[in-house]
Amino acid sequence: MKVVDVVAAIIEETHHKNSRILIAQRDTQSDLSGYWEFPGGKIEPNETPQQALCRELYEELGIDNIQVTDHIATSEIQQPERIIRLQAWRVTVYRGIIQLRCHSHFLWLSPEEVENYPLAPADIPLLKDKRKSLQPQ
């Protein structure tokens, strides 16, 4: 079965002790239209996950000078014709103003608030792993 490697950015803003993450709503032209997701996309041949994430964030949101830090988690979703392997990476720094190039909306929310929005199925386990990374050790 074909495996499609995809990256997603968990873009973080931290103010004092509060951390918020960005989610974006898929527009009407997308499959899973109306669902919310962590922005990102397919890894092209000869790209590292970090390079793919920087390219995708520029294409989707118009931001650059992106600092990709830690790998948060990888989830796999089996579809009838393929497996989607989605890697989530933390992004803490970028330059530019977010533009909606292929999404209809975006929101900055606490990880707890994100649970109130219908996330794309592959993103749900990534949110759970993100929340674990915020727990005090």
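The values are calculated or read from the model by the stated rules, or taken from the named source; none is laboratory data. All values reported here derive from a predicted model rather than from experimental measurement. Glycine also receives a Cβ, built like all others from the backbone with ideal geometry; neighbour counts cover every protein chain displayed. Just the protein is used for accessible areas: all its heavy atoms, side chains included, with ligands, DNA and RNA removed. Shrake-Rupley method; radii C 1.70, N 1.55, O 1.52, S 1.80 Å.
A few remarks follow.
- Among 96-105, 80-89, 32-41, the order from most to least packed when residues are scored by Cβ within 10 Å on average: 32-41, 80-89, 96-105
- Taking amide H positions as modeled 1.01 Å from N, with prolines and chain starts lacking one, the residues under 5 Å from G62 and 5 or more places away or on another chain are Q99.
- Each residue, R95 and D31, gets one label point 7 Å from its Cα in the Cβ direction; the gap between the two is 3.6 nm.
- Taking amide hydrogens as placed 1.01 Å from N in the peptide plane, the amide H of T69 sits under 5 Å from those of R90, V91, T92, each at least 5 positions away in sequence or on another chain.
- Debye intensity ratio in log₁₀ form over the Cα atoms of the chain, taken at each q of 0.11, 0.12, 0.16 Å⁻¹: -0.36, -0.43, -0.80
- With every protein chain in place and a 1.4 angstrom probe, the accessible-area ranking of E44, E60, largest first, reads E44, E60.
- Under Karplus coefficients 6.51, -1.76 and 1.60, residue-wise ³J(HN,Hα) of region 36-42 in Hz, glycine/proline x: 9, 8, 8, x, x, x, 5
- Antiparallel bridges, percent of DSSP beta bridges restricted to region 12-137 (to nearest 5): 95 percent
- Nearest-0.05 FRET efficiency for E44 and S19, computed from C-beta distance (R0 30 Å): 0.50
- 3J(HN,Hα) from dihedral phi, region 85-97, Karplus parametrisation 6.51/-1.76/1.60, rounded to Hz, x for glycine, proline: 9, 10, 9, 9, 10, 7, 10, 10, 9, 7, 10, x, 9
- Using θ = phi - 60° and Karplus 6.51 cos²θ - 1.76 cosθ + 1.60, couplings along region 48-59 (whole Hz; Gly, Pro as x): 7, x, 5, 5, 4, 5, 4, 5, 5, 5, 5, 5
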